[in-house]
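Participant: Mind having a look at this structure? Questions to follow.
The values are calculated or read from the model by the stated rules, or taken from the named source; none is laboratory data. Note that the structure is a prediction, hence the values are computed from the model and not measured. Every residue, glycine among them, receives a Cβ derived from its backbone with ideal geometry; neighbour counts consider all protein chains shown.
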Amino acid sequence: MNYKPAQLENFCSNPSPFVKCVILYGTNAGEISTLQKKCAEAICQSTEDAFRYQALEMDSISKDGGEVYAEFHAQSLMGGRRAIVVKNADNNLASLLKKMIPETNSDNLLILSSMTLNTKSSLITWAKERNDVIIVGCYEERSGDIAEEASRMLKEKGLIADVSAIQFLCTRLSPDRKLNQSEIDKLELYLGERKNVTIDDIKQAVSDVAGANYDDLCYHTANGNTLLACATYDRLIKEGEQTATLIRQLEYHFSKLLSCQALLEEGKSQEEALKSLRPPLMFYRKNDFVKQLKIWNRERILSALNMLYDCERNCKTTNIPDKQTASYTIMRLSSAVKKFK
């Protein structure tokens, strides 16, 4: 079943035991993470409950998916439904799920999250036709959409803001319209009888709810925006992301650049190279990705990947400070862009 994020939130308020699996996919890492947590808590109340909650990483799961099968059919010693989360899921789980979900008697809920699956993935195609599996595509809104929505909310309240104030406001808002509405309400309350909104008003009244996502980290790093890359990394760490996961996302991004460079060297056009990417680039990322292809040639990409592989290995090594190691690697990569230009 195809659900929108809002429909899934309704499901979370009263989760049906008939639904065996929820698949969250797309490019909006923040929304995926939020919905993943809401789904889990709808089943087990708290992700701190070791009896009723279990999280697995895709790269730690064997080819036959035995770990997923075992966790999905396990019962809590304290009673109640269990939530099993698989992060960074991919199509390798398709064969397991196609057999397990139709045959299962378990009342547990399996939650898969992925930024590599897309509407054409075999796992998603299979899930669309099932009533006991929910799939939710999570994609970012363009900044223009957020600006338009913010302008509409301000207008409805009779508030007036110039272009610079709107632009600054958008840096603090998120794709979550409900959350944005709450921030605009706070702004109105702060202004009192005043109607003209200034940047200082926004700084005082509006919380920074923009959040951070994997794409932001990758694009800031590859674009050479060192301050933004490091700030995004720090924010993702504070939101609970693992260093190894963030480094793998950067590896994935530079691998996409490498595959496009290889096609360009074979004589393919830029458009053909971009169309080869799966999942496809979001259109508002295209210009930045094209700029990166001009900055990062094959030799530089391979050097970056070697640096990232070393970093990932070090992050998984005992007694090495993983957060500092990853932060230093991101700073080195983004700073290197200045030397290339």
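Participant: For residue 239, indicate whether it is at pLDDT below 90, acidic (Asp, Glu) and surrounded by fewer than 19 Cβ atoms within 10 Å (Cβ to Cβ).
Facilitator: For residue 239, the condition - at pLDDT below 90, acidic (Asp, Glu) and surrounded by fewer than 19 Cβ atoms within 10 Å (Cβ to Cβ) - is met.
Participant: Is it the case that some residue within segment 225-242 is within 17 Å of residue 340 (Cβ to Cβ), part of a helix (DSSP H, G or I) and among the polar types (S, T, N, Q)?
Facilitator: yes
Participant: Failed condition for residue 279, given (1) in contact with a helix residue (DSSP H, G or I) (Cβ under 7 Å, 6 or more places away or on another chain); (2) part of a loop (DSSP other than H, G, I, E, B), with all others met?
Facilitator: Residue 279 satisfies all of (1) in contact with a helix residue (DSSP H, G or I) (Cβ under 7 Å, 6 or more places away or on another chain); (2) part of a loop (DSSP other than H, G, I, E, B) except (1).
Participant: Continuing with the same structure: So which of 189, 246, 227, 257 ends up being within 21 Å of residue 57 (Cβ to Cβ) and not hydroxyl-bearing (Ser, Thr, Tyr)? Talk me through it step by step, then tell me what you get.
Facilitator: Details: 189 fails: within 21 Å of residue 57 (Cβ to Cβ); 227 fails: within 21 Å of residue 57 (Cβ to Cβ); 257 fails: within 21 Å of residue 57 (Cβ to Cβ).
The unique qualifying residue is 246.
Participant: Based on what the data block shows, is residue 24 of a type in the set (A, V, I, L, M), outside any helix (DSSP H, G or I) and modelled with pLDDT of 90 or more?
Facilitator: In short, yes.
Participant: With 214, 190, 233, 219 as the choices, which residue is at pLDDT below 90 and among the aromatic types (Phe, Trp, Tyr)?
Facilitator: Sole residue among the options that is at pLDDT below 90 and among the aromatic types (Phe, Trp, Tyr): 214.
Participant: Next question. Considering segment 254-269 alone, what residues qualify as being in a helix (DSSP H, G or I), over 23 Å from the mean Cα position of the chain (by Cα) and without any contact (Cβ under 8 Å) to a residue 40 or more places away in the chain? Lay out the reasoning, then the answer.
Facilitator: Residues of segment 254-269 that are in a helix (DSSP H, G or I), as a first pass: 254-265.
Narrowing further to those that are over 23 Å from the mean Cα position of the chain (by Cα): 261-265.
Listed by number, the residues that qualify are 262, 263, 264, 265.
Participant: Still on this structure, I have one more. Can you name the number of the only condition in (1) without any contact (Cβ under 8 Å) to a residue 60 or more places away in the chain; (2) surrounded by fewer than 17 Cβ atoms within 10 Å (Cβ to Cβ); (3) on the phi < 0 side of the Ramachandran plot; (4) not aromatic (Phe, Trp, Tyr) that residue 319 fails?
Facilitator: (3)
So that you can scan it fast, the table gives a plain yes or no per residue for (1) in contact with a strand residue (DSSP E or B) (Cβ under 7 Å, 6 or more places away or on another chain); (2) under 21 Å from residue 241 (Cβ atoms); (3) in a strand (DSSP E or B):
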residue: 10; (1), (2), (3): no, no, no
residue: 47; (1), (2), (3): yes, yes, no
residue: 63; (1), (2), (3): no, no, no
residue: 67; (1), (2), (3): yes, no, no
residue: 71; (1), (2), (3): yes, no, no
residue: 76; (1), (2), (3): no, no, no
residue: 89; (1), (2), (3): yes, yes, no
residue: 94; (1), (2), (3): no, no, no
residue: 107; (1), (2), (3): no, no, no
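Participant: Here is a follow-up. Among 299, 251, 272, which is the only one that is assigned to a helix (DSSP H, G or I) and surrounded by fewer than 13 Cβ atoms within 10 Å (Cβ to Cβ)?
Facilitator: 299
Participant: Answer yes if at least one residue in segment 120-135 is of a type in the set (Ser, Thr, Tyr) and over 20 Å from residue 26 (Cβ atoms), and no otherwise.
Facilitator: no
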